[in-house]
Each structure stands twice: as structure tokens, then as C-alpha cells.
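Everything on this sheet refers to the single structure shown next.
The values are calculated or read from the model by the stated rules, or taken from the named source; none is laboratory data. From a predicted model like this one, the values you see are computed outputs, not experimental measurements. Note that we place each Cβ from the backbone using ideal geometry, even for glycine, and neighbour counts take in every protein chain shown. These accessible areas exclude ligands, DNA and RNA; they are computed on the full protein's heavy atoms, side chains included. Shrake-Rupley method; radii C 1.70, N 1.55, O 1.52, S 1.80 Å.
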Amino acid sequence: MRPELAFRPLAAMERCLAELYGSWADVFADDPEAAFIFFKMSTEEKGHANLVDYQRRFAQQNPDVVREVDIDLTDIRSAVERVKTFREENPRPSLDTALSLALTLEESAAETHCKNALRQANPGMERLLGSLGGEDRQHVARLKDFVARRREGAASAA
């Protein structure tokens, strides 16, 4: 598959996550720390989508320097649908539910496999895709840290 065709679903996933996290920043506006975490992640996911779009345009404009990639986009498309369905069914989730889903999404193998496959297309893309993976790992660490702090706070309040 031409890599530019694979970039579209990846960008759609990044935008979908940005919208989800942005909506949660609003939902949890009365909890400044939670709202900030989701706002920050929303902003970062928008940036990820922009980087993916840049890579797609590069691949389109430079077909002689990019290779075909073997990639299955089923998991990416499924993740986007899962998020859309969740948002429709849970417009105001509990914080625990939102954090659980966010961790599941950020730890998802779908996005990682897609990025790894797209790295094959051009060595120059590897650094950009690697930076996205690093930011995804930061999201996981940030979420886990937040959950741990909240649990500690709840335990000491009890």
C-alpha cells in the first residue's frame, strides 16, 4: 500500500483522540487537574495529526523516495469507531471511566503497529513517527501518575 493512504486513517485517529480529550477537558472543568491533563493531551493529539498530515503530503509529493508498506488498518479504524461510539453513549463519563479508556487507547497496539509499518516507507519519516510514539508513552506515564496520585489522595482521606 502507498504510505500516504495509510496516513489518512492514522491522522483520523489522532484527531478523534484530540476531540475526545478536548470534550473531557470540558466535562471535568470543575476538576482543574483532570481538565488540564485532558486539555494538554487534546492539544498534543492535534499536533500529532498535523505531523501525520505533513508526512502524508511528503509521501504524496515524493513518490520516488517512499516505499510501499504492508499494513493492516483494521485496528486503527476499529479504534476510531470505538471512540465515536463511546462518545455517543457516554457524553459525560465518570473520571475513572475516562481515565481507564484513555489509558487503554494510549497503550493500544493499533497506533504503534501503524507507525512502525509506516517507518518502512522512508527512513526520514522514522524520526517523526518515533517522536509521536514517545509522546504517546508520555501520555501513558502522565495518566498513570495522575491515577496514582488520586488513589493516594483518596486513601489518605479515608
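Couple of notes before you dig in:
- Hits in region 76-95 (condition: outside any loop (DSSP other than H, G, I, E, B), open to solvent by 90 Å² or more (accessible area, probe 1.4 Å) and either in contact (Cβ under 8 Å) with a residue 12 or more places away in the chain or under 22 Å from Arg137 (Cβ atoms) (or both)): Arg77, Arg82, Lys84
- Residue among Ala29, Ala109, Ala98 that alone is open to solvent by 20 Å² or more (accessible area, probe 1.4 Å) and either modelled with pLDDT of 90 or more or β-branched (Val, Ile, Thr) (or both): Ala29
- Residue in region 44-67 that is under 22 Å from Thr97 (Cβ atoms), among the polar types (S, T, N, Q) and free of Cβ contacts under 8 Å to residues at least 60 places away in the same chain present: no
- Among the residues of region 1-39, those identified as part of a helix (DSSP H, G or I) and without any contact (Cβ under 8 Å) to a residue 12 or more places away in the chain are Leu5, Asp26, Pro32, Ala35, Phe36.
- Residue check for Ala12: of a type in the set (A, V, I, L, M), modelled with pLDDT under 95 and surrounded by fewer than 19 Cβ atoms within 10 Å (Cβ to Cβ): yes
- For region 49-72, the condition of being within 18 Å of the chain's Cα centre (by Cα), open to solvent by 60 Å² or more (accessible area, probe 1.4 Å) and at pLDDT 85 or above holds for at least one residue.
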